[in-house]
Amino acid sequence: MIESLLVANRGEIARRIIRTAKRLGIRAIAVYSEADAHLPFVAEADEAVLIGPPNPAQSYRNTEAILAAAKATGAQAIHPGYGFLSENAEFARTVESSGLIWVGPGADAITAMGDKINARNLMAAAGVPVAPGTTDPAADLDTAVAAASEIGYPVMVKAAAGGGGMGMGVAVDEAALRTEYDKVRAFAERMFGDGSVLIERYFPRVRHVEVQILGLADGRVVALGERECSVQRRNQKLVEESPSPAVSPELRERFLAAAVRAGEAVGYRNAGTVECLLVPHQRDAAGAVPDSDEFFFLEMNTRLQVEHPVTEYVYGVDLVEEQLRVASGLAPTFDPDALTPRGHAIEMRINAEDPKRFLPGPGVVRTWVEPAGEGVRVDSGYTEGNTVTPFYDSLMAKLIVSGDTREQAIARARTAVAAFQIEGPKNNLPFFKELLENEEFLSGAYDTGIVSRMR
C-alpha cells in the first residue's frame, strides 16, 4: 500500500481523502492556497504546504508548485480529487514521469475521454449506445446547419472539450442554431482553449443516469451500480441518488454492461463514471418502466465523482480506499463477482448560493451545526469561523442519507435538512426542504427539468 499521499485539492474532497488515508495509516499531505489556510483539511493533514495565492491558476492548478510540494514532503503518490487537475492528462503524465504514483486512470484514458467527439466515436465502436450526432467537429456554421438538418431538431450544441455542464446550448431551429453555434464556440475557445463544436440530438425530457466503474489492478473493469443525477440547475447536479428509481432490473443490466464495455475500450484503471442520458418511454398503468427505454452515452468522467458517497453506502465500499488499492497494485476489498447492492442513498450538495436563483453567496460562517443520526453522513469542507470565498466552487458540504428503502432515506433526509444549521453565507438548504416535499420528486418519475418546474 502507498505510504504517503499528497492530496492535490481542497475543501470537502481533500478532507474526505485525508480521512481515508489516515484510517489506512497513510501519511496525508495537504496543499493549500492563502485563502484556505484556516480550513479543516489543512489542520487535519499530517503535513500541509502553502502553494500560492487564492487564484487557482497560481495554486491548485499550479503543477510546478504541487510537484515541488510532493518532492519537499517525500510524497509517494498524488490524489487529484475532482476538478482542478483531476482530468489533466499532461499533469498525470508528469506525475508518473517524476517517479510518483498517480491515483487515477492512465493519461491515455484521460486523453481519449477528454474530447467529446473522440469519446463518442470510441464508444460507438465499442458497442455503447450514442445519441445521433456528428462524428467530426462542426468546423463552421454551414457544416453545423447541415448536420442539424440531418440529425433533426432540436439539437444540442456542445463544446467538444467542455465539461461540468459548461459550454452547451440548445437550438430548436436553424435561426437558434446560428446564434448558439457562435456563442458556444466563443465560450469554448475562451474557457477550454479549443473551439471545437459537436452537434447532437437534444431530448427535451430526459434523465441523467450514470454508472460507477472501477478498473482493477488485474485489468478487469467492474460496475458498482447506477446513480440518478437528474436534479440539476444550469446542467449542474444538486441531488444524486442510488439506485435510480427509473431503472428496472433489465435496464440496469444493460446500463452496467455498457459501462463496463466503455471502460474496457480504453483500458480503464481506477475509479471513473460513465454518464448517460435515459430517454424514458411512457410508463404503463401500474407505473412500471418498460424495458424499451433508450439510453445514450454522454461522457466519461475520468476521476472520482462528487456524488461517490451514495455508491459507497449502497455497495458498502470506500471508493477512495479502492482507488488507493488499485494505484498500489492491490486487489479490491470486495469480491468483484459478488457485488450486491443494499438499500437506498441520497446526496444533497449544500452550496453557498441563493436557494431561488442559485447565485453564489460567499461569506463568513457564523453558525455551522451538522445533523447526525442513523443513516446520516456529512462530508464538509467548512466549519464555524471559516470563510467561504469567491475564488472557488460554491460547494460547502455534501449531506448524504441512507435507508433500507427510498422512502426511509427521504424521511431521514427531511429530518437531516431541518437539523442542518448554517448562518453567514447564503445556502440552498431551503431548496432541499422544498424538493423533499415535491410530488414529482417523491414519485421518482422526474427528469432534468424538475428544478425549472419548481421555480
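Inspect all residues belonging to the stretch 335-354 and state whether any of them is within 22 Å of ALA257 (Cα to Cα), among the basic types (Lys, Arg), over 19 Å from the mean Cα position of the chain (by Cα) and modelled with pLDDT of 95 or more.
The answer is yes, given that some residue of the stretch 335-354 is within 22 Å of ALA257 (Cα to Cα), among the basic types (Lys, Arg), over 19 Å from the mean Cα position of the chain (by Cα) and modelled with pLDDT of 95 or more.
Yes/no per residue for (1) assigned to a loop (DSSP other than H, G, I, E, B); (2) surrounded by 20 or more Cβ atoms within 10 Å (Cβ to Cβ); (3) not assigned by TED's automatic domain parsing to the domain that holds LEU278:
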| position | (1), (2), (3) |
| --- | --- |
| ARG349 | no, yes, no |
| PRO355 | yes, no, no |
| ALA372 | yes, no, no |
| PHE432 | no, yes, no |
| LEU442 | no, no, no |
| ALA445 | yes, no, no |
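Name the pairs whose Cβ atoms lie under 7 Å apart, with the first residue in the stretch 432-455 and hydroxyl-bearing (Ser, Thr, Tyr), the second not in a loop (DSSP other than H, G, I, E, B), and 6 or more positions between them or separate chains?
Sorted first by the residue in the stretch 432-455, then by its partner, the pairs are TYR446/SER230; TYR446/GLU440; THR448/ARG207; THR448/HIS208; THR448/SER230; THR448/GLN232.
From the list ILE101, ILE78, ILE117, pick out the single residue that is in contact with a Pro (Cβ under 7 Å, 6 or more places away or on another chain) and either among the aliphatic types (A, V, I, L, M) or free of Cβ contacts under 8 Å to residues at least 24 places away in the same chain (or both).
ILE117
For GLU437, state whether it is more than 16 Å from VAL239 (Cα to Cα), assigned to a loop (DSSP other than H, G, I, E, B) and of a type in the set (Asp, Glu).
It is false that GLU437 is more than 16 Å from VAL239 (Cα to Cα), assigned to a loop (DSSP other than H, G, I, E, B) and of a type in the set (Asp, Glu).
In the stretch 189-215, which residues are hydrophobic (A, V, I, L, M, F, W, C) and under 25 Å from VAL266 (Cα atoms)?
Residues satisfying the conditions are PHE192, VAL197, LEU198, ILE199, VAL209, VAL211, ILE213, LEU214.
Would you mind telling me which numbered condition in (1) surrounded by 15 or more Cβ atoms within 10 Å (Cβ to Cβ); (2) assigned to a helix (DSSP H, G or I); (3) out of contact with any Leu (no Cβ under 6 Å at 6 or more places or on another chain) ASN427 fails?
Single failed check for ASN427: (2).
Give the residues of the stretch 5-59 that are touching a Lys or Arg at 6+ places or on another chain (Cβ under 6 Å), assigned to a helix (DSSP H, G or I), buried (at least 24 other Cβ atoms within 10 Å of the Cβ) and not charged (D, E, K, R), sorted by residue number.
Correct list: PHE41 only.
Being at pLDDT below 95, in the same structural domain as ASP218 (by TED's automatic domain parsing) and more than 30 Å from ILE350 (Cβ to Cβ) narrows it down to one residue among ALA286, ALA257, ALA262; which is it?
ALA286
The values are calculated or read from the model by the stated rules, or taken from the named source; none is laboratory data. Small disclaimer: the values here were computed from a predicted structure and weren't measured. Note: ideal-geometry Cβ built from the backbone for every residue, glycine included; neighbour counts use all protein chains shown.
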